[in-house]
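Right, one structure below, let's go through it.
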Amino acid sequence: MVYVILKSGISSFLASLGFGFLFNIKGRNLWIAGVVGAIGGACYKVSLYLGCSEILSNFYGALGLALASEILARQCKTPVTTFLVCALIPLVPGGGMYRTMLAAIRGDAQQTLNMGLQTLSIAGVLALGILLISTVMRVYYQEKRKYLSKK
Amino acid sequence: MNIEKLLNTIIEAGTMLVESGAEVNRVEETMVRMCRCFEGIEYADSYVTLTGIMFSLTYENKTITRICRVHTGEVDLNRIDQINTLSRSICTNPISVDELANELEKIKKMSRYTFKETMLFGAVGAAGFGIFFNGTLLEIVMSFFIGILIRCMSCFLSKHKLNSFLNNAISAGSAALSAQLIHLVLPQTNVDIMVISSFMLLVPGLAITNAIRDTIAGDYVSGVARAADAFLCAVAIAVGAGFVMYFWI
């Protein structure tokens, strides 16, 4: 378990950090983007390890990274996308795309459809996770502001 | 107050934001918020899409409007962050239009990471994906080198103004080719892991994220445009790599 967390955390940290450089993030935000990516990757791999399905694990990963980036972005007063873009990339179903393509080349229509559907649903689930968290957080911060101003 | 200059400066800020890959909602909001910080502006409104900006403001009962065509530029999240900070700060302590233009010019001139740095860290990212997909040490090292190749390739092609579809296809094809060649020399390596982990460098992460965020915010025009962009990019990668893999199967 600890091994899974460490391995997935470090690998997705490196991956998100690499993308931080490609997207030209500077200073402290670069490292935070890496950490948010590590949280997302670790959530995904741990839920896989605990026996969740591929799609459900992706959903948990998306929830984890969206929550982390919303909270940290408000702390650092920077746009949420700064962290979200880099952190999401490890979860993008690149492997699924690749296998769909391979099946298509082999001429195996059944397998192509299977893999293609699986890839599309992973993408959809990632979108759903981000959508859910960003809506919930917006409502939460609005209510909090209202509550504080009433006081 | 020089109202034309204000309009042009605000449009300039919006253009920079769209080019650097900000969400449409943020661009519209930032432009209007910046404008409202100046005294005497009675009305300001903006309509932004991925390819163009329309902005109008009313000052002393006179309305002026400008339309601006935007071309997609290189993703630069630091610039978005800086403009965001600037728009926050001018709301609390107002500055003149000339000062605002100067600040924007300063942000525009901020340096990017050099080619060597992005190449190195892109390759580190590819190696990270190698670990993420449970590769062996050899495969991880090889993904690192294929990552370097992909970065060089896509930088070289975009310098020669090749469109992004062909750019992605050719980069992906060369990555698949080199993975197959490495597999020929070192038969114990797994082609799939090397190809997937270096591919991830081409994945349209920003387009996917922004497609989601624009759609949630209700900017369907930009949301659908970004989703189409992401899909086209994925197809390009698959076509490029598929072309190469076809000869091996």
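Taken together, the values in this text are just the output of simple stated rules run on the coordinates, not laboratory data. Remember, predicted model here, so these are calculated numbers, not experimental data. In this analysis, Cβ positions are derived from the backbone assuming ideal geometry, glycine residues included, and neighbour counts consider all displayed protein chains.
Using unit Cβ charges (K, R positive; D, E negative) and no other charged atoms, how large, in debye to the nearest 20, is the dipole of the stretch B:83-200 about its Cα centre?
Values: 9 positive and 7 negative charges, 50 e Å.
It comes to approximately 240 debye.
For B:Ser96, no residue whose modelled amide H falls within less than 5 Å of its own remains once neighbours fewer than 5 places apart on the same chain are excluded. Counting neighbouring Cβ atoms within 10 Å and putting the fewest first, the residues A:Ser8, B:Ser164 line up as B:Ser164, A:Ser8.
Taking 18 Å as the cut-off, the amide N atoms of the stretch B:70-90 that come nearer than this to a point 7 Å along the Cα-to-beta-carbon line of B:Asn8 belong to B:70.
When chain B is described by a simple charge dipole with +1 on each Lys and Arg Cβ and -1 on each Asp and Glu Cβ, the residue from B:Phe156, B:Gly128, B:Thr30 located farthest towards its positive end is B:Phe156. Between B:Lys159 and B:Tyr47, the simple spin-label model (points 7 angstrom out along Cα→Cβ) gives 4.1 nm.
Separation of the stretch A:90-151 and the stretch B:16-81, taken as the distance between their Cα centroids, equals 29 angstrom. Note on chain A: with a GNM built from Cα contacts shorter than 10 Å, the maximum mean-square fluctuation among A:Thr78, A:Thr135, A:Thr112 falls on A:Thr135. Relative to the longest principal axis of the Cα atoms of chain B, helix B:164-185 runs at roughly 20 degrees.
Any idea what the dipole of chain A comes to, in debye rounded to 20, about its Cα centre with Lys/Arg Cβ at +1 and Asp/Glu Cβ at -1? Provide the component values of the computation, followed by the final result.
Details: 14 positive and 4 negative charges, 166 e Å.
The dipole magnitude comes to about 800 debye.
Karplus-derived 3J(HN,Hα) values for the stretch B:189-198, using 6.51 cos²θ - 1.76 cosθ + 1.60 with θ = phi - 60°, are 7, 9, 4, 3, 5, 5, 5, 4, 6, 7 Hz; glycine and proline are entered as x. For a paramagnetic label modelled on A:Val4 (point 7 Å from Cα along Cα→Cβ), amide N atoms under 13 Å away belong, within the stretch A:35-72, to A:42-54, A:57-58, A:61.
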